[in-house]
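The structure under discussion appears below in the form of structure tokens.
The values are calculated or read from the model by the stated rules, or taken from the named source; none is laboratory data. All values derive from a computational prediction rather than experimental measurement. Heads up, the Cβs are rebuilt from the backbone with ideal geometry, glycines too, and the neighbour counts pull from every protein chain shown. Side chains are part of the model used for accessible areas, which takes the heavy atoms of the whole protein and leaves out ligands, DNA and RNA. Shrake-Rupley method; radii C 1.70, N 1.55, O 1.52, S 1.80 Å.
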Amino acid sequence: ELERENDMIKKFGFTFDEEGQIILPEISEEHPLVREQVERVTVEARNHEVEISPEMYCSVLEEAIRAVITGHQTKGDPEYGGWILDNFPLTRDQWTMMTERADKLLTPDSFIILNDPDPENGELLKRWAAIQRPPISLTAAQIKAVEKKKAKPAGEKTGDGLAPLDESEEQENAQDKVPASVEQRVLNRKAFDREKPQLEAIIKQSDVELLTIECNVALEAMRSNAVGKLDSVFRYKSVDYFSYEEEEQEEEEEEEEEEVRNYHQLYL
């Protein structure tokens, strides 16, 4: 008991007056107890799953896109287009809510999926980590370690949203521990991978162009590939005519010439 009291004294910086009464220290944001509580609440908040309905997402998107349209009108630019949604929609329900509107305000022209053919190399993950503030540096060992962790089974709650490794794996990967935000990013991607087949199927049934681009190339090459595919939709494409099509076109031209001659004979 005495040892425990001594630990508490050291931890919280308690001091005593001449009568042996505890002198309570000034409590500030740097106090160990305050920092401990803040860290605990922060972890709980980060791991708390917040569900936002597709209706709420689309309501926020509508407000933002209408602001873009207003800006275009002010500048005299074309009203529609000129916006990109990153990481949305992620589910079939979100897509349906966006595209079932009569005014098609939220319906995009194209939908691009960046595909990482080898997640253990972590091309997408490394690019995401590099643009964080502050940037996150990931080693190859760290990426492989987090990719080995499996998404939690349905109904099972764990602290970081991933199924725990067994004791031997924990000891093996202790030096490869990655930030919780990175683990959550991987979990989100795995959740999207499960939803992707259904999302792709419903997009293919629509008029929206679906593009899948491999990301295991240089960033500039990936960007050029994406721009090229988007631009190709609006480029003129020559069409090869078969012989019977040429004959039909010649017959139509002859018929038009005959109509013109008849017109001149009747009215001129």
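Just one of (1) at pLDDT 90 or above; (2) part of a helix (DSSP H, G or I) fails for Lys10. It is (1). Please tell me if Glu26 is loosely packed, with under 11 Cβ neighbours inside 10 Å and at pLDDT 75 or above. No.
Among the residues here, Arg92 does not qualify as modelled with pLDDT under 90 and out of contact with any Cys (no Cβ under 9 Å at 6 or more places or on another chain). Considered as a group, the residues in segment 98-127 that are within 17 Å of the chain's Cα centre (by Cα) and farther than 24 Å from Gln198 by Cβ include one that is least open to solvent (accessible area, probe 1.4 Å), and that residue is Gly122. Annotation note: of Val41, Val34, the sole residue that is surrounded by 11 or more Cβ atoms within 10 Å (Cβ to Cβ) and modelled with pLDDT under 85 is Val34.
Contact annotation: no residue pair with Cβ atoms under 8 Å, 6 or more positions apart or on different chains, pairs a residue in segment 211-234 that is under 17 Å from Ile113 (Cβ atoms) with a partner that is outside any strand (DSSP E or B) and of a type in the set (Ser, Thr, Tyr).
So that you can scan it fast, the table gives a plain yes or no per residue for (1) surrounded by fewer than 13 Cβ atoms within 10 Å (Cβ to Cβ); (2) of a type outside the set (A, V, I, L, M, F, W, C):
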| residue | (1), (2) |
| --- | --- |
| Arg185 | no, yes |
| Ile203 | no, no |
| Leu210 | no, no |
| Ala218 | yes, no |
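The condition (being open to solvent by less than 90 Å² (accessible area, probe 1.4 Å) and at pLDDT below 80) is satisfied by just one residue among Glu195, Glu245: Glu245. In the condition set (1) assigned to a helix (DSSP H, G or I); (2) farther than 20 Å from Gln198 by Cα; (3) open to solvent by 50 Å² or more (accessible area, probe 1.4 Å), Tyr57 is compliant with all but (2).
Flag not set for Ala145, criterion: more than 19 Å from the chain's Cα centre (by Cα), open to solvent by 40 Å² or more (accessible area, probe 1.4 Å), modelled with pLDDT under 90 and within 17 Å of Pro179 (Cα to Cα). Residues that are modelled with pLDDT of 85 or more and hydrophobic (A, V, I, L, M, F, W, C) do not occur anywhere in segment 158-178.
Which of the residues belonging to segment 75-97 are of a type in the set (S, T, N, Q) and open to solvent by less than 70 Å² (accessible area, probe 1.4 Å)? Listed by number, the residues that qualify are Thr91, Gln94, Thr96.
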